[in-house]
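Inspection log for the structure reproduced underneath, given as structure tokens.
The values are calculated or read from the model by the stated rules, or taken from the named source; none is laboratory data. Note that the structure is a prediction, hence the values are computed from the model and not measured. Counting neighbours? That spans all protein chains shown, and the Cβs are built from the backbone with ideal geometry, glycine included. Heavy atoms of the whole protein, side chains included, go into the accessibility calculation; ligands, DNA and RNA do not. Shrake-Rupley method; radii C 1.70, N 1.55, O 1.52, S 1.80 Å.
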Amino acid sequence: MTIPHKFNPSSVEQKWYDYWLENNFFRSIPDSRKPYSIVIPPPNVTGVLHMGHLMNNTLQDVLIRRARMLGYNACWVPGTDHASIATEAKVVSKLKKAGVDKSDIGREAFLKHAWDWTDEHGGIILEQLKKLGCSCDWERTKFTLDDDMSASVIKVFVDLYEQGLIYRGYRMVHWDPEAQTTLSDEEVIYEEKQGNLYHIAYAIEGTDEQIVVATTRPETLFGDTAVAIHPDDERYFAFHGKKVIVPLVNRVVPIIKDSYVSIEMGTGCLKVTPAHDENDKVLGDKHQLEFIDVFNPDGTLNQEGLHYEGQDRFAVRKVLVKELEAKGYLVKVTSHMHKVGTSERTKAVVEPRLSDQWFLKMESLAKPAIDAVENSDVQLVPQKFINTYRHWMNNIRDWNISRQLWWGHQIPAYYYGKNNENLVVATSKEQALEKAISSSGNKSLTLQDLSQDQDVLDTWFSSWLWPISVFNGVLDPNNKEISYYYPTQELVTGPDILFFWVARMIMSGYALRNEKPFSHVYLTGLVRDSQGRKMSKQLGNSPDAIKLMDTYGADGVRVGLLLSAAAGNDLLFDENLCQQGKNFANKIWNAFRLLQSWEIDETLPPCETSALGLDWYTSKFQQILTTIDNYFSKYRISDALMATYKLIWDDFCSWLLEIVKPAYGKGIDAKTYEKVCVLFENNLRLLHPFMPFLSEELWHALNARTKDEALIVSSWPTQKSVDSSVLARFEHSSELIAQLRTIRKNQNIAFKEPLHLIETVKDEVSLRLIVSKLAHVETWIQTDNAPEQSLSFRVDAHEYFVPIATSNLADERLKMEEELAYQEGFLKSVEKKLSNDRFVSNAPEEVVALERKKASDAKEKIATLRTRLESL
């Protein structure tokens, strides 16, 4: 098959992807083979491909393609997430632009708009993953709001409720005023921000005295119901039992004594706002204080804010401070660095708020998940994340699983009774009615008497079931698929969702199946821009993933990303990396074109020089294959690719092809050509997981193949014995060739002009035929004495001479003198190190041995250089 002059990715990518799909190469069904399963971290259903997706899914595809070639029944399950907060926000925004408010149209109408939005924008990212070459089993595609997936979520909620693990409680929660919903602890990001400490005077009731409190949030004073002091703070002994008047509000509140208050911090006086601070709530419960909520759900002040009602909390802060100052309440303002909680999704400053919410008890669920990682049943790669995981899991709190949204899984809790004071939890309204009748004894109850909880479940409450629910393991726990594919082998994801998702999946795996959900968690780094910033739409620093693939080809982008994607380490993205990937693809393409250009001469006997090169490359391939397999076993995917890259670019293209290349106008013997093609095929097998499109194209260009012989389902190379002696001999020969090429360059000797090589001790190491061909050595003789008027050099313990014209000897003397000075200086530095008793005593034995060898080699080079200078 003749191929075009240049590699054009766009002409082959769709062709081969369609070919793989048509032949069901991605399809997996349970059979007698050993399974290898991966579940995709489901992206937002309405999302588009970004750099993090590119890297994460490329890694997964590399693993799944290699597993397929290793003979496993490889199953990669794709899917998308309904993303409650993000999707609802987009739909609300769209409706607002049309002048429609969500609350005006009601839940049913809103959900229709949400489904329309999802149908219009959903699934785009999955099509983009196909362009990247992802070999998912698309027939298994799941969406977290699919009927069976939703039924799984509801069943788990009901089961956990009945086990006493899910409960409804009035708690201080994280409130996102922009999304107008609660958040879990993990969805709040704390950032160090520069703020102010406002010192405000509170008058002591019935006196002219005052007490000063320091606060970062003066707008919450409308909800103050006490001022707290430490019982042992001598400054305030006189105020024990007294009351203060809250500024502007004129509310009289008690001064309470509590050891929680820090004597050293601020003024030692703490304004207590139980409805708007978690620590203040503890004080409020302990001292039976009034709880006054001063905020509306959107972060504006309510009627408790007096004349500031309806205004945003941060706008109120600015004008309130001016009012306090004007009325003599503001004592001073000082700068203050403090941590501020923001919503991971909307970036809004989170507001502590008291609310009735649903919670999942985590302590008992966390224990087996902690043990799984501690005992390496679930291995985190890299291991540096184990301590982070352990710390978080050991300090876990109950999970707030309810969200004040409409898009998502509506909580299956049903209320009934005169004031909805009774509650049942059931998988359906009909089942809820049966439970309500049984519980109340009221047989006259009807479906109309039940009202379902308006909240939905946290999106992560569906995602934590993902490895189980995609195989229908919740609804049918013993079905053939879950029994075959679960637990999965690998999970590839980012460390930023180690707790959001990974830890919770481990917990659900043990809670629902008493088994881990996966064996290994490969934690990728974050893709950052050249300035080290996380890529995001807000910063506008994330390249268009599709444009990158259009420019450099999917294979080029995959290689460019993976070359710098060491596990757990952030990648500073540079578009030049993709250019490097594209250049690699062109190098391989041109190597095949060179092969194609050779005329096979059936009359020629096997070439002895080529045979030496083929033997060497066969062993070199096996040596590197062992290294690559070892890298894969340690999830060093970037290193595995780099080893493949160097093998093909340096060893195959730069060395082997030059060794076997026939002379200009000559043919190549059939046996050599056949062996080179076999080795090229093996290269393509190594390449396929990384560069699937290019490798499949060249695989079929090399030979006509049936569908059963396609590269995607061919076998991964198997490790065989390595001839270490031929590797050592070639290593020596390549260094000899490099030295001879340097002489040519420095002395301006054209390649067509042959060199004459002389040695005083016979070289039994070099592969002479290869050296002679690649360095154009015409004669290679041994003499007893070093020839005059020649250049000398050493390779290992062997010294070589190349006769040279007298006019070049002065230049050679200067170079040798410079080299002698360098070697003498180097030897001096090494001997200084070896004369240091502390170094020799404390350094590892192998390090000391290496330094001694350096000294020995330097002495040998110095002696040789001095001898040569004398002869000149």
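If you stretched the chain out fully between Ser376 and Glu309, how much longer would it get, using 0.36 nm times the residue separation minus the C-alpha to C-alpha distance?
In short, 18.6 nm is gained.
Can you pull the one-decimal nm distance between simple spin-label points at Gln452 and Asp796, each 7 Å off the Cα toward Cβ?
7.8 nm
Consider all pairwise Cα distances in region 140-200 and report the whole-number % of them above 18 Å.
67 percent
Determine, from the Cβ-Cβ distance of Ser654 and Tyr190 and an R0 of 51 Å, the FRET efficiency 1/(1 + (r/R0)^6), rounded to the nearest 0.05.
Given R0 = 51 Å and the Cβ-Cβ separation, E is 0.45.
Restricting to DSSP loop positions (anything but H, G, I, E, B) with no more than 11 other Cβ atoms inside 10 Å of their own Cβ, which GluC sites (Glu not before Pro) remain in region 398-451?
Sites meeting the loop and neighbour criteria: Glu421.
Which value at 222 nm does the chain reach when only helices count, each DSSP H run of 4 or more adding -39,500 (n - 2.57), with the total divided by all residues and rounded to the nearest 500 deg cm²/dmol?
Counting only the DSSP helices, I get -14000 deg cm²/dmol.
Between region 509-560 and region 53-86, what is the C-alpha centre distance in whole Å?
Computed from Cα coordinates, the inter-centre distance equals 12 Å.
Rounded to the nearest 20 debye, what is the charge dipole size of the chain about its Cα centre when +1 sits on each Lys and Arg Cβ and -1 on each Asp and Glu Cβ?
600 debye
How long are the semi-axes of the equivalent ellipsoid of region 235-277, defined as square roots of 5 times the Cα gyration tensor eigenvalues? Whole Å, largest first.
18, 15, 10
Let me check I have the definition right: for region 1-49, take the eigenvalues of the Cα gyration tensor, multiply each by 5, take square roots. What are those semi-axes in whole Å, largest first?
29, 21, 9
Taking the alpha-carbon set of region 268-347, what are its Rg and Dmax in Å?
Rg, Dmax (Cα atoms, Å): 14.6, 40.
log10 I(q)/I(0), Debye, Cα-only region 798-865, no solvent, q = 0.13, 0.16, 0.18, 0.26 Å⁻¹?
-0.50, -0.65, -0.74, -1.11
So for region 20-162, what are the equivalent ellipsoid semi-axes in whole Å, largest first, each being the square root of 5 times an eigenvalue of the Cα gyration tensor?
Taking √(5λ) for each eigenvalue gives 34, 19, 12 Å, largest first.
Classify region 338-403 from the C-alpha gyration tensor, please: rounded if a/c falls under 1.5, else prolate or oblate depending on whether a/b exceeds b/c.
Taking the square roots of the gyration eigenvalues as a ≥ b ≥ c, region 338-403 is oblate.
Could you give log10 I(q)/I(0) at q = 0.14 Å⁻¹ for region 92-173, computed by the Debye formula over C-alpha point scatterers of equal weight, without solvent?
Taking Cα atoms of region 92-173 as identical point scatterers yields -0.85.
Might you tell me the accessible area per residue for region 637-760, computed with a 1.4 Å probe and given in Å²?
43 Å²
Where the Cα atoms of region 431-507 are projected onto their three principal axes, how long is each span, largest first, in whole Å?
Computed over the Cα atoms, the extents are 53, 32, 16 Å.
Taking each pair of distinct Cα atoms in region 495-637 once, what is the resulting Kirkwood hydrodynamic radius in Å?
Taking the inverse mean of 1/r over all distinct Cα pairs, region 495-637 comes out at 19.6 Å.
Ignoring ligands, DNA and RNA, please state the percent of accessible area on the chain from carbon and sulfur, probe 1.4 Å.
Of the solvent-accessible surface of the chain, carbon and sulfur hold 48 percent.
If Lys and Arg each add +1 and Asp and Glu each add -1, what is the summed charge of the other residues whose beta carbon sits under 9 Å from the beta carbon of Ala554?
0
If you project the alpha carbons of region 674-760 onto their three principal axes, what span does each projection cover, largest first, in Å?
57, 30, 24
Computed over the Cα atoms of the chain, what is the convex hull's projected area averaged over all directions, in nm²?
51.6 nm²
Over 31 Å between Cα atoms: which of Lys347/Lys547; Lys257/Lys332; Lys94/Lys347; Lys155/Lys281; Lys34/Lys130; Lys281/Lys361 fall into that group?
Check vs 31 Å cut-off fails for Lys155/Lys281.
Name the lysines eligible as straight-distance cross-link partners of Lys832: C-alpha to C-alpha under 24 Å, and not fewer than 8 places from it in the same chain.
Lys853, Lys854, Lys859, Lys861
Could you tell me which of Tyr617, Asn375, Asn23 has its Cα farthest along the dipole of the chain towards the positive end, charges placed at Cβ (Lys, Arg +1; Asp, Glu -1), taken about the Cα centre?
So the residue furthest toward the plus end is Tyr617.
Compute the Rg to Rh ratio over region 38-102 from the alpha carbon atoms, using the Kirkwood formula for Rh, and round to two decimal places.
Reported Rg/Rh (Cα atoms, Kirkwood Rh): 1.22.
Report Rg(Cα)/(2.2 N^0.38 Å) for region 285-328, keeping two decimals.
Output field value: 1.36.
Report the charge-dipole magnitude of region 175-299 in Debye, nearest 20, computed about the Cα centre from +1 at each Lys and Arg Cβ and -1 at each Asp and Glu Cβ.
Computed about the Cα centre, the dipole is about 680 debye.
Å³ per residue of the Cα convex hull, for region 1-92?
Per residue, the Cα convex hull of region 1-92 comes to 163 Å³.
Per residue, how large is the accessible surface of region 203-267? Use a 1.4 angstrom probe and give square angstrom.
On a per-residue basis, region 203-267 sits at 46 Å².
Given 37 °C and 0.692 mPa s, compute D for region 559-713 with the Stokes-Einstein relation, Rh being the Kirkwood radius over Cα pairs; round to the nearest whole µm²/s.
197 µm²/s
Any idea what diffusion coefficient region 88-140 gets from Stokes-Einstein, in µm²/s, Kirkwood Rh on alpha carbon pairs, 37 °C, 0.692 mPa s?
253 µm²/s
Please sort by residue number the GluC sites (Glu not before Pro) in region 551-626 whose DSSP state is loop and whose Cβ has at most 11 other Cβ atoms within 10 Å.
Those that pass, being in a loop and sparsely packed, are Glu599, Glu602.
What whole-number value in cubic angstrom gives the convex hull volume per residue for the C-alpha atoms of region 342-471?
178 Å³
Set the Förster radius R0 to 51 Å, insert the Cβ-Cβ distance between Ser103 and Val333 as r into 1/(1 + (r/R0)^6), and round the FRET efficiency to 0.05.
Calculated transfer efficiency: 0.85.
Using a cut-off of 12 Å between beta-carbons, work out the net charge of the residues near Leu604 (Lys and Arg +1, Asp and Glu -1, Leu604 not included).
Summing Lys and Arg as +1 and Asp and Glu as -1 gives -3.
Could you name the lysines whose alpha carbon sits less than 19 Å from that of Lys6, not counting residues in the same chain fewer than 8 places away?
Lys15, Lys582, Lys587
In Å³ and rounded to a whole number, note down the convex hull volume per residue for the Cα atoms of region 192-330.
Value for region 192-330: 116 Å³ per residue.
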